[in-house]
1. May I ask which residue of VAL57, ILE17, ALA28 lies farthest towards the positive end of the charge dipole of the chain, with charges of +1 (Lys, Arg) and -1 (Asp, Glu) on Cβ and the Cα centre as origin?
2. Along its three principal axes, how long is the range 5-151 when you only count alpha carbons? Whole Å, largest extent first please.
3. Distance between the C-alpha centers of the range 132-154 and the range 1-35? Whole Å please.
4. Name the trypsin sites (Lys or Arg not before Pro) in the range 64-150 that are in a loop by DSSP and that have at most 13 other C-beta atoms within 10 Å, would you?
5. If you scale each eigenvalue of the Cα gyration tensor by 5 and take the root, what three semi-axes come out for the range 1-47, rounded to whole angstrom and sorted largest first?
6. Taking the Cα centre of the chain as the origin, how large is its charge dipole in debye, to the nearest 20, when only Lys and Arg (+1) and Asp and Glu (-1) carry charge on their Cβ atoms?
Amino acid sequence: MGLSANEISEIKATWAIPAATPSESGQAILLEFFRRYPANLQKFKDFKDMTLDELKVSPRFHAHANKIILTFDEAIKTLGTDESPAALQKIWSKIATSHVKRGISRESYMELKEVILEILTAVCKLNAEQQAAWDKLVTAVYDIIFKTMDDLGK
């Protein structure tokens, strides 16, 4: 992955902000993702017939939003440890495998990446160095996801 000790430290320090309120943080990301790229909402069978306002009060939506942040949290906690490469591979290849079955495309992932990085930058007030570290991390995560998709023939 190639993150420096300083980059890992910056990621972990800034991650504390969204991790403190995982459901709300995940909702902010997903709601902006669906607002900006509404076609992606159709890929979620539980949510595809809901408006953004209905999503805001949906327990299933809240649970999914929470799960996204908890998955990132699990991955971020491994950064800087000996287990990190294997743990990250396991976490993100599992996500890729489950989302391939739902027809989530590379384009959708890239749209989500844009939203994740914008929300993190705004909420965590990231400086340029922190933004670069986060971009490096998410790019590495996506490399795992896309490699898994390739291995699955998608």
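1. The listed residue farthest towards the positive side: VAL57.
2. Here the Cα extents, ordered largest to smallest, are 44, 36, 23 Å.
3. The range 132-154 and the range 1-35 have Cα centres separated by 17 Å.
4. LYS101, ARG102, LYS125
5. Each semi-axis is √(5λ); the values are 29, 14, 8 Å.
6. 520 debye
Every number in this text was worked out from the coordinates using simple rules, so none of it is lab data. For clarity, every value in this text was computed on a predicted model and none was experimentally measured. All Cβ positions, glycine included, derive from the backbone under ideal geometry; neighbour counts span all protein chains shown.
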